[in-house]
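So the structure is just underneath, and the comments pick up after that.
The values are calculated or read from the model by the stated rules, or taken from the named source; none is laboratory data. A quick note: this is a predicted structure, and the numbers were derived from the prediction, not measured. A quick note on method: Cβ atoms are made from the backbone with ideal geometry, for glycine too, and the neighbour counts reach across all protein chains shown. Heads up: the accessible areas ignore ligands, DNA and RNA and are worked out on the full protein's heavy atoms, side chains in. Shrake-Rupley method; radii C 1.70, N 1.55, O 1.52, S 1.80 Å.
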Amino acid sequence: MSSTLKDYIETQDSLLREAAEALPHQFNRCTYPLGSIRQPVYLCLTCALPRGICAACSVACHTDHEQVELFPKRDFCCDCPTSALHHPCTLHTTPEDENTTNHYGQNFKGVFCRCGRPYDPNTERETMIQCLACEDWFHESCCNLRERPDADLPLSTNEPQAQADPQPQSDDVDDGASDASSSDLPPPLIRASDYDSFVCASCARKIPTLLRYAGTNGCLVVVRDDVSAPWRVIRETKNETVDVDVPVGSKRAHSSSVEGPEAKRTRTEGSNPKSPCLVPPTNSVAQGILIASKPDLGTGDVFLTEGFRDRWCRCGSCLPSLEANKFLLLEEETYEPPDDPDSGLSLEELGIRALSRLPRERAIDGIHAFNAMRDDLLKYLRPFAQEGKVVGEVDVRAFFDRLQEEKALGVARS
Ligand SMILES: [Zn+2]
Ligand SMILES: [Zn+2]
Ligand SMILES: [Zn+2]
Ligand SMILES: [Zn+2]
Ligand SMILES: [Zn+2]
Ligand SMILES: [Zn+2]
C-alpha cells in the first residue's frame, strides 16, 4: 500500500481524533477498588495535603486543580473517593472512609530529597533519582553525582556561557552531550545507564544485607578521600576474589523462560539456610561512611547495577533482611490503566507502546503524554504532506525513536 502523506495524514488525523476520544476510557476508572497497589500517584495541592489520588482521578476529578506528580508509590490506595478529600470523586461515586494504610512521606507535603526542596517541573534543572526503598526522589547533586547546576548563581556569570549552543536543533543532537539533561550540563559521575536501581543512604542503613554489600561489585558508592579530593565511585572491593555467582540453574533457567511471579518466587526459595555465606569482603571505606556517617566524605547512597537481584547471597543470615524488603528480590509490578484491546489503531498503538517501553519512572502521565505525542507527531508528519511524500514505517519509527531519546534526557529515573 502506498499513499501520499496527504491521504495518510487525513486518515491518521481522524484515527487520532478517535484515539483521543477513546483513550479517556482507560482513565475512566478510579483505582480505589483495587486497594493498595503500586501506582502513579498525584498530589492535589488544591484539595488536601498530605493525600494522593490515582492517575484517572487526576485527569477526571481534579482537572483544574494544581497537581504534582509523585510517580509510583507502593501500597497506595486512591484517596479521591474518601472523606479525606472534600471534592467529590466523579469516577468512584460511593463515599468511602479515610484510608488507614497509606503511608504519606514528605513527598505528600510537596517536598523531596534529603534537602527537602519543593519540586517545580518548570524550573528544576536536575535529574532526580527515586529511591527503590522509600520511593522519595533525590537530586543528583545531593548524591554527589554532579555539581549543583548554576541556577542559583547570579545571571551575569550564568547566561552568556550557557548559550554557547543557541537553540540546538533537535535534528542535529550532539551525541556527546546526550547524557546531560540540559545542554550545558556535564554528565553525572554515575550515568543513568550505569545502574539499575538506587537506594538512599538512610534506607541502606536499615537493610543489613544491603549495607554489607555497599561498595562491593555492583553496589556503587560515591566517596572522596578528604574534603578537597574529587568525588569518585567505588565500584568493587579491592583484592576481591569471591565471585558472587548465583547457584547454577536458578538464574538462567528462569530468566529466559517464564516471567510470572511464580518463576521469580522459585528463585527466592532456592536458598538453603545452611549454605555458606557468599557476601564478598566488605568495603571498609563504604562501611565507614554508612556506619560512622561521615557526610563530608560521602552520603552512603548505593547504586545497584543491572542484575543485582540475582547476585545477593541468600544464606540464612543474608536472606531475612532481603525478604523484609521484597523489592530487592522481585521487581514490583506497577499498575497502569489498561490498554484498549479493540483499538486496532496502528499509529496509536505504536505510540502507546513507545511510551510503555520507557522505564516506568520516566513515563509521564499517559493522557498528557499521549496528547503531546499526537501533536508532535502531526507536526512531524506535516512537511511530508506538504511535499506530497510517502511516509513509511521508517519515518514513523524515527519519530518515536527521537521521542524516546528526548524522554530519556532530563527526566528522572529510579
Ligand atoms: Zn482515584
Ligand atoms: Zn483536587
Ligand atoms: Zn476521583
Ligand atoms: Zn536534594
Ligand atoms: Zn530511601
Ligand atoms: Zn550470606
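For every residue, the table says whether it meets (1) of a type outside the set (Phe, Trp, Tyr); (2) more than 16 Å from ligand 6 (Cβ to nearest atom); (3) more than 20 Å from Thr299 (Cβ to Cβ); (4) part of a strand (DSSP E or B).
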| residue | (1), (2), (3), (4) |
| --- | --- |
| Ser58 | yes, yes, yes, no |
| Cys78 | yes, yes, yes, no |
| Pro88 | yes, yes, yes, no |
| Thr100 | yes, yes, yes, no |
| Asp120 | yes, yes, yes, no |
| Glu126 | yes, yes, no, no |
| Ile129 | yes, yes, no, yes |
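Checking each residue in the range 60-76 for being open to solvent by 20 Å² or more (accessible area, probe 1.4 Å), assigned to a loop (DSSP other than H, G, I, E, B) and closer than 24 Å to Met128 by Cβ picks out His65, Glu66. Kindly check whether there is at least one residue in the range 118-134 that is within 24 Å of the chain's Cα centre (by Cα), open to solvent by 60 Å² or more (accessible area, probe 1.4 Å) and either farther than 30 Å from Leu189 by Cβ or among the small types (Gly, Ala, Ser) (or both). No; the residues of the range 118-134 include none that is within 24 Å of the chain's Cα centre (by Cα), open to solvent by 60 Å² or more (accessible area, probe 1.4 Å) and either farther than 30 Å from Leu189 by Cβ or among the small types (Gly, Ala, Ser) (or both).
All of Thr100, Thr127, Thr123, Thr94 fail the test of being of a type outside the set (Asp, Glu) and within 12 Å of ligand 3 (Cβ to nearest atom), apart from Thr94. Assess whether Gln67 counts as being within 25 Å of Glu126 (Cα to Cα), away from ligand 4 (no atom under 16 Å from the Cβ) and of a type in the set (S, T, N, Q). Here the answer is yes, as Gln67 does meet what is asked.
Can you tell me which condition Ser58 does not meet? The list is (1) away from ligand 2 (no atom under 16 Å from the Cβ); (2) modelled with pLDDT under 95, and all the others hold. That leaves (1) as the condition not met.
Considered as a group, the residues in the range 102-115 that are in a loop (DSSP other than H, G, I, E, B) and out of contact with any helix residue (DSSP H, G or I) (no Cβ under 8 Å at 6 or more places or on another chain) include one that is nearest to ligand 1 (Cβ to nearest atom), and that residue is Asn102. Within the range 61-74, residues that are over 14 Å from Pro88 (Cβ atoms) sit with their Cβ atoms under 6 Å from residues that are at pLDDT below 90 and away from ligand 5 (no atom under 16 Å from the Cβ), at 6+ positions apart or across chains, in these pairs: Gln67/Ser58. Here Phe108 meets each of (1) more than 11 Å from ligand 2 (Cβ to nearest atom); (2) of a type outside the set (Asp, Glu); (3) surrounded by fewer than 19 Cβ atoms within 10 Å (Cβ to Cβ) with one exception, condition (3). The residue that is modelled with the lowest pLDDT, among those in the range 220-252 that are farther than 26 Å from Ala192 by Cβ and of a type in the set (A, V, I, L, M), is Val248. Counting just the residues of the range 188-218 that are part of a helix (DSSP H, G or I), surrounded by 19 or more Cβ atoms within 10 Å (Cβ to Cβ) and of a type outside the set (S, T, N, Q), which one comes out farthest from ligand 4 (Cβ to nearest atom)? Filtering first and then ranking leaves Arg212. Quick check on Tyr32: is it of a type in the set (Phe, Trp, Tyr) and modelled with pLDDT under 95? Against the criterion (of a type in the set (Phe, Trp, Tyr) and modelled with pLDDT under 95), Tyr32 does not qualify. Looking across the range 274-317 at every residue that is more than 22 Å from Leu189 (Cβ to Cβ) and of a type in the set (S, T, N, Q), the one that is modelled with the highest pLDDT is identified as Ser317.
Can you report the number of residues in the range 132-145 which are more than 12 Å from ligand 4 (Cβ to nearest atom) and either among the basic types (Lys, Arg) or at negative phi (or both)? Summing the residues that are more than 12 Å from ligand 4 (Cβ to nearest atom) and either among the basic types (Lys, Arg) or at negative phi (or both) in the range 132-145 gives 3.
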